[in-house]
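Written out below as structure tokens is the structure these notes cover.
The values are calculated or read from the model by the stated rules, or taken from the named source; none is laboratory data. The shown structure was predicted, so the numbers you read here are calculated from the model rather than taken from an experiment. No Cβ is skipped: glycine too gets one built from the backbone with ideal geometry, and neighbour counts run over all protein chains shown. Heavy atoms of the whole protein, side chains included, go into the accessibility calculation; ligands, DNA and RNA do not. Shrake-Rupley method; radii C 1.70, N 1.55, O 1.52, S 1.80 Å.
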Amino acid sequence: MRDSLHPVQEAFVKHGAVQCGYCTPGFIMSAAMLLEEKANPTRNEIEQAITGNLCRCTGYYKIVQAIRGAAADASKETQEVKDGQI
């Protein structure tokens, strides 16, 4: 059991990608699966991964930014581990 948020959840909060909350679980699940399959997805790959999720509150900009942020944070953490900083 996790005592903290998943990195994708943290990124959604950090980037203000959570609106009413209705669509958020689907976006988070899609994003988490995408990042498991591809550590550094392109913007197009992110957009393709979330095409099945509809949001009426936003233009998707913050959602895409949150997913890109989660990927960047994971990449940074991986590099720090490799460099022996963690």
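In region 59-86, the residues that are on the phi < 0 side of the Ramachandran plot reach residues that are modelled with pLDDT under 85 and open to solvent by less than 70 Å² (accessible area, probe 1.4 Å) with C-beta atoms within less than 9 angstrom, at least six apart or across chains, in these pairs: Ile86/Glu80. In summary, Arg56 fulfils each of the numbered conditions (1) surrounded by fewer than 13 Cβ atoms within 10 Å (Cβ to Cβ); (2) modelled with pLDDT of 95 or more; (3) not aliphatic (A, V, I, L, M) with the single exception of condition (2). Residue pairs whose Cβ atoms lie under 7 Å apart, separated by 6 or more positions or on different chains, with the first residue in region 13-37 and more than 13 Å from Ile67 (Cβ to Cβ) and the second in a loop (DSSP other than H, G, I, E, B) and open to solvent by 80 Å² or more (accessible area, probe 1.4 Å), are Cys23/Leu54.
Quick grid of which residues meet (1) of a type outside the set (Phe, Trp, Tyr); (2) open to solvent by less than 80 Å² (accessible area, probe 1.4 Å); (3) modelled with pLDDT of 95 or more; (4) within 11 Å of the chain's Cα centre (by Cα):
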| site | (1), (2), (3), (4) |
| --- | --- |
| Ala11 | yes, yes, yes, yes |
| Gly21 | yes, yes, no, no |
| Gly26 | yes, yes, yes, no |
| Met29 | yes, no, yes, yes |
| Thr42 | yes, yes, yes, no |
| Glu47 | yes, yes, yes, no |
| Gln65 | yes, yes, yes, yes |
| Gly84 | yes, yes, no, no |
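Residues in region 1-30 that are part of a helix (DSSP H, G or I) and of a type outside the set (A, V, I, L, M, F, W, C): Pro7, Gln9, Glu10, Lys14, Thr24, Pro25, Gly26, Ser30. For region 31-40, residues that are hydrophobic (A, V, I, L, M, F, W, C), open to solvent by 30 Å² or more (accessible area, probe 1.4 Å) and either on the phi > 0 side of the Ramachandran plot or assigned to a helix (DSSP H, G or I) (or both) total 2.
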